[in-house]
Amino acid sequence: MLQDRLLKAWQTKGLWAWALRPAAALYGFLLRRKARRFTPLDQPAGQRPPIIVVGNVLVGGVGKTPIVMALVQHLQSLGYRPGVISRGYGRQQSSVAPLAILPATPAAQAGDEALLIAQTTGAPVFVAANRPAALAALCAAHPEVNVVLSDDGLQHWALPRDVEIVVWDARGLGNGYLLPAGPLREPWPRQPWHPYFKGTQVWQLFRTGQEGTHASPEQAPHAWPVVRHLADYALQANGSRLGLSAFPQQHLRALAGIAQPEAFFADLRAGGLALQQTVALPDHADVAAWWQSLDAEAQSATWVCTEKDAVKLWAVCPQAWAVPL
């Protein structure tokens, strides 16, 4: 599979990476030219709430959405009234207008991650490809919001920000090259020509217990390790809750349509589940359509999935179990 070959090539400075270095140089040149022509469109202090952008430098998912949800819930516990903006990846809507995401919004309109945030946190969520438009719509509809989190958007320069949280996974910097020779969306450490080189706080979160991260929390200022693990229980659409230790050990199957599905399956096994079958779908896949393609025997099995998959799967299979992260 081309994607798997690229991910493997991006971890080394092999022949493929060297062959693509001219294209990476062109990409870097275009980034610098864009930066020279870019003028931040920000509002004067006091006319907008503080903005926290949670993003990644690497191509592919690194687990930003669970971090956004954890931050929202933590801010709520401190008395803040956070709101969230997102692009709404996986949406099937053609409209470019910002959309308010409610817990009952269909996943096809909301995008799986935005819907999960709305259902889990209860915070107001707006999605739009144009992040500043989503920000304006959120602030207009919810003047009580006093801090905004953006799920992704690190490279969406038009979006103003006060704090950037960069999330890293086991890949670290990979081979250190820009796209397409490597996995980096922008040079890292950030260069002086970058429009947000100054004026924003940059915090970094690193997965713990994983090899491959080139920069460690001890080597970077404002950086911390983060531990991500599954809950010891699962939920159904009606709110039923079951401890993982009580799951049947027969005919148990697992589904994950996320960036790194094998990590989810490994965590389930570490939690004591004996999986008869695992199904890895592409990130943001149409899980409902996949379910409809299964035969009766497969549909009668006990399925466990991620929360992100559940917001789509529960519409056609409310008996599926979601294990929170």
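The values are calculated or read from the model by the stated rules, or taken from the named source; none is laboratory data. Worth saying up front: this structure is predicted, and the values here are computed from it rather than measured. When we count neighbours, we look across all protein chains shown, and the Cβ atoms used for this are built from the backbone with ideal geometry, even at glycine. What goes into the accessible areas is simple: the full protein's heavy atoms, side chains included, and nothing from ligands, DNA or RNA. Shrake-Rupley method; radii C 1.70, N 1.55, O 1.52, S 1.80 Å.
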Q: Kindly indicate which of Ala181, Ala140, Ala123, Ala129 is among the aliphatic types (A, V, I, L, M), without any contact (Cβ under 8 Å) to a residue 60 or more places away in the chain and open to solvent by less than 40 Å² (accessible area, probe 1.4 Å).
A: Ala123
Q | Members of region 23-39 found to be surrounded by 11 or more Cβ atoms within 10 Å (Cβ to Cβ) and among the basic types (Lys, Arg), listed by number | A | Arg32, Arg33, Lys34
Q | Filtered residues of region 143-161 (kept if crowded, with 20+ Cβ neighbours inside 10 Å and within 17 Å of the chain's Cα centre (by Cα)) | A | Val148, Leu149, Ser150, Asp151, Asp152, Gly153, Leu154
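Please state which one of Val323, Val311, Val304, Val279 is modelled with pLDDT of 95 or more and within 16 Å of Gly90 (Cβ to Cβ).
Details: Val323 fails: within 16 Å of Gly90 (Cβ to Cβ); Val304 fails: within 16 Å of Gly90 (Cβ to Cβ); Val279 fails: within 16 Å of Gly90 (Cβ to Cβ).
Selected residue: Val311, the only one of Val323, Val311, Val304, Val279 that is modelled with pLDDT of 95 or more and within 16 Å of Gly90 (Cβ to Cβ).
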Q.
If I filter region 223-232 for residues that are modelled with pLDDT of 85 or more and in contact with an Asp or Glu (Cβ under 6 Å, 6 or more places away or on another chain), do I get at least one hit?
A. yes
Q: Considering only region 226-277, state which residues are in contact with a Cys (Cβ under 8 Å, 6 or more places away or on another chain) and at positive phi.
A: none
Q) Any idea how many residues of region 147-171 are outside any strand (DSSP E or B) and closer than 23 Å to Phe38 by Cα? A) 11
Q) Taking region 229-248, which residues are in contact with a strand residue (DSSP E or B) (Cβ under 7 Å, 6 or more places away or on another chain) and among the aliphatic types (A, V, I, L, M)? A) Leu230, Ala231, Ala234, Leu235, Leu242, Leu244
Q | Selection within region 40-58 - open to solvent by less than 40 Å² (accessible area, probe 1.4 Å) and of a type in the set (A, V, I, L, M, F, W, C) | A | Ile51, Ile52, Val53, Val54, Val57, Leu58
Q: Can you work out which of the residues in region 64-90 that are open to solvent by 20 Å² or more (accessible area, probe 1.4 Å) and part of a loop (DSSP other than H, G, I, E, B) is nearest to Asp152 (Cα to Cα)?
A: Arg87
